[in-house]
Amino acid sequence: MTYSCYLSLGSNISPQLNIRGAVESLESLFLINNISSEYSSQAAGLSGDDFVNVVVEIDTALPILNIKTELDGLEKRAGRNEQMRGFQSRTLDIDLITYGASIDPQQRIPHPDLYYYSFVLTPILEINSGFIDPLTGLLMNTYAETLLKRIPLRRIS
């Protein structure tokens, strides 16, 4: 069985270079269906350069843990170390946001950032305006206005 998944990519250290490299690597691992525009936002919870974020929609038959292992490897190859968790500058952060319509609280699917950060939801809605919340079955565009007020975004590409 194949699952449609959304990945959120972010960086505030050489962001265009790191995100471009991550997307190229993702192309060798998964079937990419869509890539959002790049969005810039202020660093949330830390002092640092602005973040650049994109969302990539992929299709895969890999289980969740295998996907996360691949994503962790991409982060490490981009220079992220094990201690780079929480609110700090980073070369690359990739989160598995959804795994089809699956709900797996232990694996954080759907990822909680979907409900809190405009830099996750806005790019998803750009590439899929009819995106359905896996938890409620409701259209996610109803959340967008609230989230956009939290962290303003600027579309840069």
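The values are calculated or read from the model by the stated rules, or taken from the named source; none is laboratory data. Everything numeric here is computed off the predicted structure, so don't read it as measured data. We place every Cβ from the backbone using ideal geometry, glycine too, and count neighbours over all the protein chains shown.
Restricting the first member to region 66-78 and to residues that are part of a helix (DSSP H, G or I), and the second to residues that are among the polar types (S, T, N, Q), the beta-carbon pairs closer than 6 Å and six or more apart or on different chains are Leu74/Ser25.
Applying the selection to region 122-140, what residues are within 25 Å of Gln42 (Cβ to Cβ) and either out of contact with any Phe, Trp or Tyr (no Cβ under 7 Å at 6 or more places or on another chain) or modelled with pLDDT of 95 or more (or both)? Reasoning before the result, please.
As a first pass, look at region 122-140 and keep what is within 25 Å of Gln42 (Cβ to Cβ): 122-127, 131, 140.
Hits for region 122-140 are Pro123, Ile124, Leu125, Glu126, Ile127, Phe131.
Counting only strands (runs of 3 or more DSSP E) that fall entirely inside region 1-51 and contain at least 3 residues that are at negative phi, surrounded by 16 or more Cβ atoms within 10 Å (Cβ to Cβ) and modelled with pLDDT of 95 or more, the qualifying elements are 3-11. If I filter region 85-129 down to residues being surrounded by fewer than 21 Cβ atoms within 10 Å (Cβ to Cβ) and basic (Lys, Arg), which single residue comes out as nearest to Ala61 (Cα to Cα)? It comes out as Arg108. Is it the case that region 123-142 has a residue that's within 23 Å of Pro15 (Cβ to Cβ), of a type in the set (Asp, Glu) and in contact with a helix residue (DSSP H, G or I) (Cβ under 9 Å, 6 or more places away or on another chain)? No - not one qualifying residue is present in region 123-142. Report yes if Asp59 is part of a strand (DSSP E or B) and touching a helix residue (DSSP H, G or I) at 6+ places or on another chain (Cβ under 7 Å), otherwise no. No: the conditions fail for Asp59.
Collect the residues in region 141-157 that are modelled with pLDDT of 90 or more and touching an Asp or Glu at 6+ places or on another chain (Cβ under 7 Å), keeping them in residue-number order. Ile156, the sole residue that qualifies. Scanning region 103-114 turns up at least one residue that is in a loop (DSSP other than H, G, I, E, B), farther than 24 Å from Leu29 by Cα and at pLDDT 90 or above.
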